[in-house]
Amino acid sequence: MSDFTAIEQSREAGFGDYVQLLKPRVMSLVVFTAMVGLVVAPQPVHPYVAFVSILLIALGGGASGALNMWYDADIDRVMRRTMGRPIPSGRVSEGEALGLGLGLSGLSCLMLGLAANWFAAAFLAFTIFFYVVIYTMWLKRLTPQNIVIGGAAGAFPPMIGWAVATGGVSVESILMFALIFMWTPPHFWALALFMKDDYSRAGVPMLTVTHGRAATRRHILVYTVLLVPVAFALAFSSIGGPVTLLAAVILNAMFLRGAWAIRQRDEAEAEADGYRIEKSFFKLSLAYLFAHFGALLVDASLRSFGVGGWGWL
Amino acid sequence: MALNREHDLHRRRLGRNMGLGLVLGALVLMIFGLSIVKMSRLEEGKLPASQETSQ
């Protein structure tokens, strides 16, 4: 083999590969929910400080994504959905991902402490710890409830956004957390239903693998039912309003209908139409969360004009 | 066979270095902007309660 072919075969990472390590699609959810948490908080934040804080929360989320890819490289190599990621495809080494993840974790927490307050910074550090150590290293490979408890990590960003503005925690920020926390299991279990071989091949104890697919369908319905009161409690809280309530009525009706349809089906039916209902439920779940937080944003904007919220009725 | 100067490997390295340069530049600007905002708010005495603990 000549030097030339050696260079041809080397997979030198491009800048985009390092961006991929930060899971940009997950970051978009983090950015949006953290921004809503910050905007709906009662204390105003300087626009530049708010912008920087959201950027740093997103960076912290990205850092935990890189650490997740570092630790999960072995199962990412096996799963169809993840084998194209930078580490399994050989473009980035595991050590590079670890270094990037640790470096960005430290930088994002330190900078958030300086930009906003140290409570928000500690909260971001705890979120990274929870996602990487509690979820990725411990629960993900241990229990079929991995998604339920691990979902907390994805639910913290609006609380961090709220903490940036207020320096603390309140009922409203806990309700925003609870909405994402209860939404996560149906969202991921729907994905697990139509990504059928992936988790079993990787040996990840997803509910579909340990308890079967019929049980997973039942669990989706149960968690969707439990999600409804949380959505309405948020709508009637001080950060909710008529727009959030309207969104809650429509979105929860659609979500319940989807979960019921999933519950009523068996595997043969699902196989026959290529998991059409499960896939549309998964897409609906994404819209559910974005629309819910979008409605909170609309109510907050209306409140600033003196017409939103429950006070003016 | 001679190596082409414009080999894909060089393009990737250039892209990576440019990207890192831009990120570091953005970081410097971000910290500079934060310093300006913090100092001007300190002068105005407008720092909110949540941020007083970090000073």
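Laboratory data are not the source of any read-out in this text; all were calculated from the coordinates shown. All of these numbers come straight from a predicted model, not from anything done at the bench. Every residue, glycine as well, gets a Cβ built from its backbone with ideal geometry; the counts of neighbours run over all protein chains shown.
Sum up the lysine pairs in chain A that clear both bars: alpha-carbon distance under 20 Å and a spacing of 8 or more or different chains.
5
Using helices alone, I'd like the mean residue ellipticity at 222 nm for chain A: each DSSP H run of four-plus residues gives -39500 (n - 2.57), total over residue count, nearest 500.
Taking each H run of at least 4 residues, the total per residue is -24000 deg cm²/dmol.
Between A:Leu110 and A:Phe51, what is 0.36 nm times their sequence separation minus the Cα-Cα distance? Round to one decimal in nm.
19.6 nm is the gain from fully extending A:Leu110 to A:Phe51.
Using the Kirkwood radius over Cα pairs, work out the Stokes-Einstein diffusion coefficient for chain A at 10 °C and 1.306 mPa s, in µm²/s as a whole number.
It diffuses with D of about 77 µm²/s by this estimate.
Note down the net charge around B:Ser35, summing +1 for each Lys or Arg and -1 for each Asp or Glu among other residues with Cβ under 13 Å from its Cβ.
Within the 13 Å Cβ shell, the charges total +1.
For the pair A:Arg201 and A:Asp266, what calculated FRET efficiency results from E = 1/(1 + (r/R0)^6), where r is the Cβ-Cβ distance and R0 = 25 Å, to the nearest 0.05?
0.65
Where the only charges are on Cβ atoms (+1 Lys, Arg; -1 Asp, Glu), what is the dipole of the protein assembly as shown about its Cα centre, to the nearest 20 debye?
400
Kirkwood Rh over alpha-carbon pairs of the range A:170-313, then Stokes-Einstein at 4 °C and 1.567 mPa s: what D in µm² s⁻¹, rounded to an integer?
The Stokes-Einstein estimate is 81 µm²/s.
Let's test the formula: R0 of 22 Å, r as the Cβ-Cβ distance of A:Arg276 and A:Thr143. What FRET efficiency results, to the nearest 0.05?
Using R0 = 22 Å, I get an efficiency of 0.15.
Using only the alpha-carbon atoms of the range A:15-169 as identical scatterers, what base-10 log of I(q)/I(0) does the Debye formula give at q = 0.13, 0.16, 0.17, 0.18 Å⁻¹?
Debye intensities relative to I(0), on a log10 scale: -0.57, -0.83, -0.92, -1.01.
So if we plug the beta-carbon distance of B:Met39 and B:His10 into 1/(1 + (r/R0)^6) with R0 = 35 Å, what FRET efficiency do we get, rounded to 0.05?
Efficiency, from the Cβ-Cβ distance: 0.20.
At 7 Å along the Cα-to-beta-carbon direction for both A:Ala287 and B:Met18, put a label point, then send me their distance in nm to one decimal.
Distance between the two pseudo-spin positions: 3.9 nm.
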